[in-house]
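The values are calculated or read from the model by the stated rules, or taken from the named source; none is laboratory data. A quick note: this is a predicted structure, and the numbers were derived from the prediction, not measured. Here the Cβ is made from the backbone with ideal geometry for all residues, glycine too, and neighbour counts use every protein chain on show. Note: accessible area is taken over every heavy atom of the protein model, side chains too, but ligands, DNA and RNA are not part of it. Shrake-Rupley method; radii C 1.70, N 1.55, O 1.52, S 1.80 Å.
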Amino acid sequence: SWAGSNFFLLPLILALAVILTIRKHIPEAIFLICSFVGASAINNVAKSVIARPRPNLFPAVIDIPAGFSFPSSHSVQITAFVLAVLLVLKVMTEVRGLILPNVLGGSLILLVCLSRLYLQVHYPTDVVSGFLTALFWVVGLATLILPDRQDHLRIRQSNLYLEV
């Protein structure tokens, strides 16, 4: 569950954005930050509007966190982070599949989402809606901010020709 928290993800995102900026990948850095901040903002507005109480079906495994249940913030945040990083990797690399990062990222999302259910701090619909919120936000934002992978590769190839 900690992997989906602001405490863990925010410093990681800021560090990645600084690295991307230093390497002159400004759109990718902006995309990474906007993906996380935007998804979190949507999540906070939805929590306030819907105001669904947390589950109280069984004795809780941990102390029930303050705040509302729907949608799951941890699910939103880990999904936004992983998808944004995977999309940035896809744009920046020439590797076609990126199978291992996709499997690892998907596993991390799944584990964090399942942990929220195991800890009994969310209903299944909270977790699914958190995942879908981040998915739609990040993919939509990617179409607006991230350069097309083919354009990126063409620019990179033309820079190589200029250097030679």
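State in Å² the accessible area per residue of the range 68-127; use a 1.4 Å probe, count heavy atoms of protein chains only, and round to the nearest integer. For the range 68-127, the per-residue accessible area is 46 Å². Here the spin labels are modelled as points 7 Å beyond Cα on the Cα-Cβ line, and at residue 49 and residue 107 they lie 3.7 nm apart.
Mind checking the full-extension length gain between residue 144 and residue 15? Use 0.36 nm per residue of separation minus the Cα-Cα distance, one decimal, nm.
Details: separation 129, 0.36 × 129 = 46.44 nm, distance 2.29 nm.
Result: 44.2 nm gained on full extension.
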